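Reading through the structure tokens given below for one structure.
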Amino acid sequence: MARVVVDVMLKPEILDPQGQAIANALPTLGFSAITAVRQGKRFEVEIDGELTEDVLAEVTRAAGTLLSNPVIEDFTVHAGDGEPGGRRPAGEPAGEERATVEAQEKAETAAEPSA
Amino acid sequence: MTARIGVVTFPGSLDDRDAVRAVTLAGAEAVSLWHAEPDLRGVDAVILPGGFSYGDYLRCGAIARFAPVMGSIVKAATDDGLPVLGICNGFQILCESHLLPGALTRNQHLHFRNRDQALRIESNDTAWTSAYEKDQEILVPVKNGEGCYVADERTLDELDSTGRVIARYVGGNPNGSLRDIAGITNAAGNVVGLMPHPEHAVEELTGPSVDGLGFFTSVLQKLVTK
């Protein structure tokens, strides 16, 4: 089983009032470094069997047909666990990499002063 | 024989009963259509009612667009000029179906708006607005969370220059819609999308006016004189 990640974002010229509301709320929580937020959607698509070019093309068609509205949104399709730029290099197990990222996040959270 | 006007019910439709009532009050025969049935039952026109089809999941109207009934409606609207009116969620479905340009997005102020709204009818050259005078102001309820109409500048200019903005908000824009657009039509004038709710303004007892009735009598007039 393989996984494909589709990220959908509003086109840059489309106003994102939800992102703005989030951006406006952040300074009140002490996150003063963040100046702007745009909110998007992430779809994790499970594939039965091997991830071939054909399957990837099919997911891309699904992304342009249903997952996004091309009038207001752009999308990117990437294989694997969401690393942009395509497939994970051979010999790099997904589990370990994810664990590393989680550990980093945990460390950062711990370092954060409690607001 | 009177005209038969279909009203589609999707899972999550809310205003299908009110649309049926409006059609009946206008003097036509209302025919209930079901989202899962591609058969249009020989209707002369179709209304896509307001509500929250498929729970508004993904994007408003995005899933309803692929319902079996929509395949038949898109084909009949494109090939045979079937008159189609999309109200609120129905307008969103028409944009997702690409029968109308642009898209409806979250209200700019993020609040759900529910109030009586003045509109100016700017084109009476469509299947659904011929009963109005050009520039007539009407009062109908508006109630939406994602009613902010957006399209690129080129599309907006084209809509304006070809008289395809059929209604604009006056006395305040309830959702941030670009150029105060409340409703538009396709190039042929048979497909109309409108964010406010004319079907809630057809009886003195329950509506702020009976101004909404004109949408339903317009199509009836067109079908009878066809």
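Things worth noting here:
- Selection status of B:GLY42, small (Gly, Ala, Ser), more than 14 Å from chain A (Cβ to nearest Cβ) and closer than 27 Å to A:VAL8 by Cα: no
- Leading residue by the ranking (nearest to A:ALA79 (Cα to Cα)) among those in the range A:1-15 that are in a loop (DSSP other than H, G, I, E, B) and modelled with pLDDT under 95: A:MET1
- Only one of B:ASP152, B:ASP116, B:ASP135, B:ASP125 that is among the charged types (D, E, K, R) and within 14 Å of chain A (Cβ to nearest Cβ): B:ASP152
- Residue check for A:ILE34: at pLDDT 90 or above and within 14 Å of chain B (Cβ to nearest Cβ): no
- Across the range A:1-21, the qualifying residues are those that are away from every other protein chain (no Cβ under 11 Å) and out of contact with any helix residue (DSSP H, G or I) (no Cβ under 6 Å at 6 or more places or on another chain), and the one among them that is farthest from B:ALA151 (Cα to Cα) is A:MET1.
The values are calculated or read from the model by the stated rules, or taken from the named source; none is laboratory data. Source: prediction; values computed, not measured. All Cβ positions, even for glycine, are placed from backbone atoms using ideal geometry, and neighbour counts span all protein chains on display.
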